[in-house]
Amino acid sequence: MIQLTNIEKYYANKGVKNYVLRLVTTTINQGEFVSIMGPSGAGKSTLLNIIGMLEEPTYGTYHFMGEDVTSLSERKRIELYRNHIGFVFQAYHLIDEMTVYENIEAPLLYKKVGSAERASRIADLLDRFNIVAKKDLFPNQLSGGQQQLVGIARALAAQPSIILADEPTGNLQSAQAEEIMSLFKKLNEEEGITIIQVTHSEKNAQYGNRILHIADGVVKEDVAVLS
Amino acid sequence: MFKLNLKIAWRNLWKNKVYAAINIGGLALGLTAFVLMLLYINYEKSYDSWSPELKNVYQIREKHDFFTPDNKEHWQEISNSRIAGIIKESVPQFTAVTKIDQEWGNGFSVKIDHADPVMVKGIKDADSAFFNVFPYQFIQGTAANALKEPNTVVIKQSLANKLYGTDHVLGKEFKLVRWRDDTGNSLKITGVIADVNTPESIQFNAVSHTGDQDHDPDQIGSSHYTQIYAKSEGDIDTLSANKSLQKVYVDFKKKSFAAEKLNFKDVYKDGKSPGLKAISLKDVHPNPPFSLNWLDKLKPVIGISIFLLVVSIINFINLATAQSVQRAKEVGVKKVLGAYKKQLILQFLIESTLQSISALFLSVILIEILLPAFNHQFNITLSFWHNEYLFSIVLQLIAVFIVVTLLAGCYPAWILSNYNPVSVLKGNYGNSLKGITLRNVLVIFQFIISVTFIIAIGVMHLQTKYISGKDLGFDRDKLINLRTGYDQNFADKIRRIPGVQYVSTTTQVMGNAFNNKSKIIYKGREVNLNGVTVTMDALQTLGVKLVSGRLFAKEYVQDTINSVVLNEAAAGLLGKNMVGQTYGKVDYQGKTITFQVVGVIKNYHNEGFDKAVLPTVYKVSHLGGTSNTNNLLVRFDTKNYKGVINKIEGEWKKLYPDFPFQYQSMDDAFSEILEENKRFMNMVVLFSVVSVSLSLLGLFALSTFVAKRRTKEIAVRKVLGASNFQIVNLLNKSFLILVVTANLISWPIAYILVKKWLEGFAYRIDLPLYPFLLSSIISIVIAVLTVSIQARKTAIAEPVAALKYE
Ligand SMILES: Nc1ncnc2c1ncn2[C@@H]1O[C@H](COP(=O)(O)OP(=O)(O)OP(=O)(O)O)[C@@H](O)[C@H]1O
Ligand SMILES: [Mg+2]
C-alpha cells in the first residue's frame, strides 16, 4: 500500500543542510497497524506528514496504492484525502464554528455522500463512540478525550483505508488513551483499516503489530509486535 | 455544503459582532456616498431627455462678446434675433426655428382679475413656432394652434394648478406685467401642457406669445438677443449643417457691416472671428457657455466618493484578512478532509457577499434618510424609488455591488485558501505574518486620505473666514436694492420717508453684476475698461471709499456731462495721479468725446471672490442710465429699517398696483455670493467626517485584532513584569509609525490640492502652515487614543486567562 524508497528530507539553513530524514526505505502493507517511535526531534512527524502528503520529501520516491505520489496532481491528491486517508491530530483540530455533528459530516459533504446515507453513517459513528448526547455541542464544550473521539469519528466518516495519527493520545490521560488505542486496534482488526501512528508510549505501541524506531532521521529498527 | 458554509459564516459574524458591524457599517457608508453620486450623475445626465423626439432639436449658438462676464468672445446661448429668420430662409436642414426671449429680472408679475399680483418665474416669451420645435404634450389646446395669435400663452399643468387650482383653464386670461411700469399684456390661455419628468435646460412654467418676438429691430445698428432653437426632420449631418450655418452667418455679417459702414476686418481682429453653430439639445446642459460644465465641477466630488468607497473596501479587506488568522485552522482541517481550494475560495466569497448584501441594504436605508438633506444641499430633487431611471440605476448598483464584493472578498479568500495545512496544523498560524505588509499599506493609505481632508478643511475654513470678513469696499449694512429701475417721481417720494438717507441707481451692484465694456483712449493708448453708469449720489449710497479727488455732486454741472470716477484698478492701468487727467472715447457716431477724471475710489466688489474687481469707470447720467438698470439702491440712516421698508412698500403699491414689491438687502446679496463656496465647504466637511470615521473604524478594528493576536505575548510579558503602560506603548508603536508615515505622504498631496483650490480665488490667503501641523497632531492623537483603548483592554486583562487557554 505504501512504498517509500530512499526518502530524504532536509532544511537548508545558511547553506548547511540539516537532515531530518535520511534514506528511509520501507513498505507498509494493507491492514498493518504501525507505530512510529523515537526521541523528540527524530523526524517522526515529518515522516508521517510525508506519508500523508502534507509535506514533500526533498528526495526519494513514494508510491501510494501503486501510484507515484511525487507526480500526483493537486486534484488527485484531494481525491485521495476524500476517499482513502483519514487524519487524527494530537491537538484534535476540530472546527470551532461547527458542532460535533457538523464536524463529522464535513468530510462526507466533500465526498458528496447523499443526505440519507450521511445521516445514517453519522448516527452510527455517534452511537459507536457514545457521543450521541453531545452531537449539538461545539468543540469548546467538550473534554479533550471527547474531542479526540470526535476527531477519530470524523477521520472514519469517509471510510478511509488508512488512518494517520500523530500522537493521538498525547494530550490525554492514560485511561482515555487506552480507550482510543483499543478502538484503533478494533478498527484495524475488524475492518482492516491500515493505521499508522506516532507515539511516545511503549504501551500504546503494543496495540499495533509493527514498530518503526527512528533516531536522527534514520530508521534504526523495524520490529514486529508479538501479541 | 452550501448550507453549512452559510451557517459557519453566520456563526463567525455573530462571534465577531462588533467587527462585523464595523465592517458592514463602513462599507454601507462608502456605498451610500457612491450611490448618492450615482444618483446625481444620473440626474445630470437625464437633462432634456423627456422625449425621444428631442434628438432632432438643436440650440443655435453665436460667438460674440456681448453680455459676457469677462468681455471676451464666447459661444453663447443668446444670438442675434435676425439669425432665426436667416436660418429659416437659407438652411433647409432645419424645418422649424423658434426664438425665445431671455428672461430678465426676478420673474414677471401675473395679475388675475382683481387679485393681488404674484411673481411667477419662468414665463418665456417666444414666437409662434415654439411648439413646432419642442414636442410638449398638450393636455388642452393643440400644438399647432396654441400660439398662433399674439397675446396668447401656454402654461404648464403645475402652474395652472398653482394659479387657478385646476388645469381647466383654457380661454382664461391674465395680465402679464414684466416690469414695474409696464402697461402689461393681457394674455389668453390657449393651451395647457404636461410637466415633463426630467430636468430641462430651458426651464419655464409658461410660454407666452406677446408678439414681441415676431419681428426684429428696425434699425440695422440695433439688435435683439434671444435664444434660438431649431428642429430638423429626422437625422441630419450636423457637420454640413454647421458649415451652412457658418456660411450664411458670415454673409449676414458682411451685409450688415456694409450697411453700418463697418469694416469686416476691423471688427474681427485680435483673434476674434465670426461663428455660428447648432448643438444638439442634449449637449446644451453639459456645455454651459461660461462656467465649467457639471461633470468638471463634479469631478473632485466623484473622485472623493470613489475614494470613500475604496477606503471602505480597504477596511473590509483589512478586517477580513486580520480575521483570517482565526479561520486558519478551519482552512487547514478542511484541506486535509479533502476540500478543493476552489470550494474554500467560494466559501469565503459567500461570506463577504453576505456582509456586502447587508451593507447594501443598510446603504439603501441611509440613502432614503440622507436624500432630503442632499437635495437641499445641491438644490435639486433626486429620488431613489421614484426615479425615472430606477431600472438603470438598479443595474448600476448591482454592478457596483458585484465589483465591491469581488474586490473586498477576493483577496481575503485567496489569502485564506492559500494557508498551508502543515504549518497551520503545527499550530504556528497564529504568528503568520501573511498580509501584514499589505494591511499596513492600506492603513497608511486611509490615513493619507483622512489627513489630506483635515488639512483641506483647515485651509478652507481659513479662506472662508477671510472672504466673509473681507472688506467689500462698500458698506453693505443698512442698504437694500429694490430690483427695479430708477423713476424720479418714485425716488423723490421715498426720499421724503424719514429713515431714508440716499436713493440712487447703478448699472452694477452686488447681486446684479452687469459688465459693460467701454473702450477709452488715454494718451494715444487704447484701454478696455468696465463701464458703469450711476446716478449722482450712487457712490455715496454704496458708501465707497474715496482715495483721491471727489465723488460726483450736484454742485458740479459738468458731472452729468463729462466727469468720471475711476476705481483703483482702472487708475492703476492708466497711470499715477489720475485726478484731473482727461481721456477720449469714441461715441457711436464716430465723434471723440473728452472725459475728465474727478476722483479715484477704492475697488469694491460686485461679484464672488473668485473674480478680480474689474478696472471700472463710473459715469453719471441724469436718469441713472436707462430706466431698466433693475437696481434701485436705498440707504437707511437707521438700523431698524423694517418699518421704513413697509412705508416704501406703501408708496410702491399706490404707484404700481400691478407689480409686486421686491427687495434684497445687500447682506443677503453677499451671503448669496458666499453660498456656493459654503456648499462646497459643507460637502468637503461631510466627506471628511465620513472618511476620517471610516479610517478610525478601520484602525480600531485592526488594533483590536492585533491586540487579540498578541494576547499571549502580552500575558507572557506581564508575567515577566511589564507594566500596563509599557504594553499599551508596545502596541501603539507599531501603529504610530504608520500614521506618521501617512502624514509625511499627505503633506505634499494636500499642499498641491489646497494650493490649486486657493488659486481659484482672486482674493486669497497665503497658504498657512498650521492646518498641516494641526491635522498631523489630530491624526496622531486620535490614532493613539483608538489603539490605546484596545491595548489597555488587553493589557489590564488577567494574564492567567490567556495562558491557561493555550
Ligand atoms: N520548517 C522547519 N525548518 C527547519 N527545521 C524543521 C522544520 N520543521 C521541522 N524541523 C526540524 O525537523 C526535525 C524533526 O521534526 P519532527 O517534527 O519530525 O520531530 P518529531 O520526531 O515529531 O519530534 P516530537 O516527538 O517532539 O514531535 C526537528 O529537529 C525540527 O527542528
Ligand atoms: Mg512530532
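The values are calculated or read from the model by the stated rules, or taken from the named source; none is laboratory data. Worth saying up front: this structure is predicted, and the values here are computed from it rather than measured. All Cβ positions, glycine included, derive from the backbone under ideal geometry; neighbour counts span all protein chains shown. Heavy atoms of the whole protein, side chains included, go into the accessibility calculation; ligands, DNA and RNA do not. Shrake-Rupley method; radii C 1.70, N 1.55, O 1.52, S 1.80 Å.
Worth pointing out:
- Burial of 40 Å² or greater, segment B:1-25 residues [accessible area, probe 1.4 Å, versus chain by itself]: B:Met1, B:Leu4, B:Arg11
- Chain pair B, A: total accessible area buried, heavy atoms, 1.4 Å probe, Å²: 2500 Å²
- Derived value for segment B:479-667: Kirkwood hydrodynamic radius 17.3 Å. Basis is the mean of 1/r over every pair of different alpha-carbon atoms.
- Entries in A:Lys185/B:Lys342; B:Lys265/B:Lys591; B:Lys297/B:Lys465 that, when Cα-Cα distance is taken, lie over 27 Å: A:Lys185/B:Lys342
- Dividing the Cα radius of gyration of segment B:218-290 by 2.2 N^0.38 Å, with N the residue count, gives 1.32.
- Under 24 Å from A:Lys9, Cα to Cα: lysines that are on another chain or at least 8 residues apart: A:Lys17, A:Lys44, A:Lys76, A:Lys220, B:Lys335, B:Lys426
- Peptide B:332-345 - average C-beta neighbours from other chains (10 Å radius): 6
- Whole-Å distance, taken between Cα centres, linking segment B:664-710 and segment B:730-750: 20 Å
- Under the Karplus curve 6.51 cos²θ - 1.76 cosθ + 1.60, θ = phi - 60°, whole-Hz ³J(HN,Hα) for segment B:493-499, x wherever Gly or Pro sits: 4, 7, 4, 6, 5, x, x
- Equivalent ellipsoid of segment B:52-283: semi-axes from √(5λ) of the C-alpha gyration tensor, largest first, are 33, 21, 15 Å.
- Rounded to 10°, Cα long-axis angle of helix B:17-45 versus longest principal axis of chain B: 20 degrees
- Percent accessible area from carbon and sulfur atoms, chain A, protein chains only, probe 1.4 Å: 47 percent
- Kirkwood hydrodynamic radius computed over segment B:234-386 comes to 22.8 Å, based on all pairs of distinct alpha carbons.
- Reachable lysines, given that their alpha-carbon falls under 19 Å from the alpha-carbon of B:Lys793 and they are not under 8 places away in the same chain: B:Lys15, B:Lys17, B:Lys708, B:Lys712, B:Lys718, B:Lys733, B:Lys804
- Surface accessible to a 1.4 Å probe, per residue, for the residues of the protein assembly as shown, Å²: 46 Å²
- Förster-model FRET efficiency, 30 Å R0, A:Lys112 and A:Glu67, C-beta, rounded to 0.05: 0.85
- Descending semi-axes in Å of segment A:41-154, equivalent ellipsoid built from Cα gyration tensor: 30, 18, 10
- At least 50 Å² accessible surface lost relative to isolated chain, residues of segment A:92-121 (1.4 Å probe): A:His93, A:Ile95, A:Glu97, A:Met98, A:Glu102, A:Leu109, A:Tyr110
- 10 Å binning of all Cα-Cα separations within segment B:92-224, expressed as whole percents from 0 upward: 12, 44, 34, 9, 1
- Tilt relative to chain B, helix B:238-260 - C-alpha long axis, 0 to 90 degrees, to 10: 30 degrees
- Shape class of segment B:641-683 from the Cα gyration tensor (axes a ≥ b ≥ c, square roots of the eigenvalues): prolate, since a/c reaches 1.5 or more and a/b is larger than b/c.
- Computed on segment B:479-667, with alpha-carbon pairs under 8 angstrom and 6+ residues apart, the relative contact order is 39 percent.
- The convex hull around the C-alpha trace of segment B:309-429, projected and averaged over every direction, spans 8.8 square nanometres.
- The simple Förster model, with R0 at 41 Å and r as the Cβ-Cβ distance, assigns B:Val740 and B:Lys45 a FRET efficiency of 0.45.
- Förster radius 35 Å - calculated FRET efficiency between B:Ala144 and B:Asn562 (Cβ-Cβ, nearest 0.05): 0.05
- Between B:Arg525 and B:Lys545, the modelled label-to-label distance comes to 2.6 nm, taking each label 7 Å out from Cα in the direction of the beta carbon.
- Cα-derived Rg over Rh, computed across segment A:118-227 with Rh taken as Kirkwood radius: 1.00
- Distances between every pair of Cα atoms in the protein assembly as shown, grouped in 10 Å steps from 0 to the bin holding the largest one, split as 2, 8, 13, 15, 14, 11, 9, 8, 7, 6, 5, 2, 0, 0 percent.
- For segment B:511-564, the normalised intensity computed at q = 0.14, 0.18, 0.30 Å⁻¹ comes to -0.50, -0.81, -1.20 (log10 of I(q)/I(0), Debye sum over alpha carbons, equal scatterers, no solvent).
- Cα gyration tensor shape of segment B:1-158, rounded if a/c is under 1.5, else prolate or oblate by comparing a/b with b/c: prolate
- Here the spin labels are modelled as points 7 Å beyond Cα on the Cα-Cβ line, and at B:Val400 and A:His200 they lie 5.9 nm apart.
- Taking only the C-alpha atoms of chain B, the Rg (one decimal) and the largest Cα-Cα distance, Dmax (whole number), read 34.2, 107 Å.
- Sulfur and carbon atoms: percent of accessible area, chain B [1.4 Å]: 59 percent
- Residue-averaged 222 nm ellipticity for the protein assembly as shown, from DSSP H runs of 4+ at -39500 (n - 2.57), nearest 500: -15500 deg cm²/dmol
- Normalising the Debye intensity of segment B:157-213 to I(0), with uniform scatterers on Cα atoms only, and taking log10 at q = 0.17, 0.26 Å⁻¹ returns -0.66, -1.20.
- For chain A, modelled as a GNM whose springs connect Cα atoms under 10 angstrom apart, the maximal fluctuation among A:Arg128, A:Arg82, A:Arg154 occurs at A:Arg128.
- Across chain B, the relative contact order, built from alpha-carbon pairs under 8 Å that are at least six residues apart, equals 15 percent.
- Distance from the C-alpha centroid of segment B:276-300 to that of segment B:303-332: 40 Å, rounded to the whole angstrom.
- Across segment B:460-468, computed HN-Hα scalar couplings (Karplus, 6.51 cos²θ - 1.76 cosθ + 1.60, θ = phi - 60°) run 5, 4, 5, 5, 4, 4, 4, 6, 6 Hz from first to last residue, x flagging Gly and Pro.
- Amide H contacts for A:Gly86 (H built 1.01 Å from N in the peptide plane; partners 5 or more residues away or on another chain; cut-off under 5 Å): A:Ile162, A:Ile163, A:Leu164.
- Extension gain, B:Arg792-B:Asp766: 0.36 nm per intervening residue step, less the Cα-Cα distance, totals 5.1 nm.
- Chain A: radius of gyration over Cα atoms, expressed as a fraction of 2.2 N^0.38 Å: 1.02
- Nearest-ten-degree value, helix B:294-337 long axis tilted from longest Cα axis of chain B: 10 degrees
- Cα centroids of segment B:226-242 and segment B:568-591: 45 Å apart.
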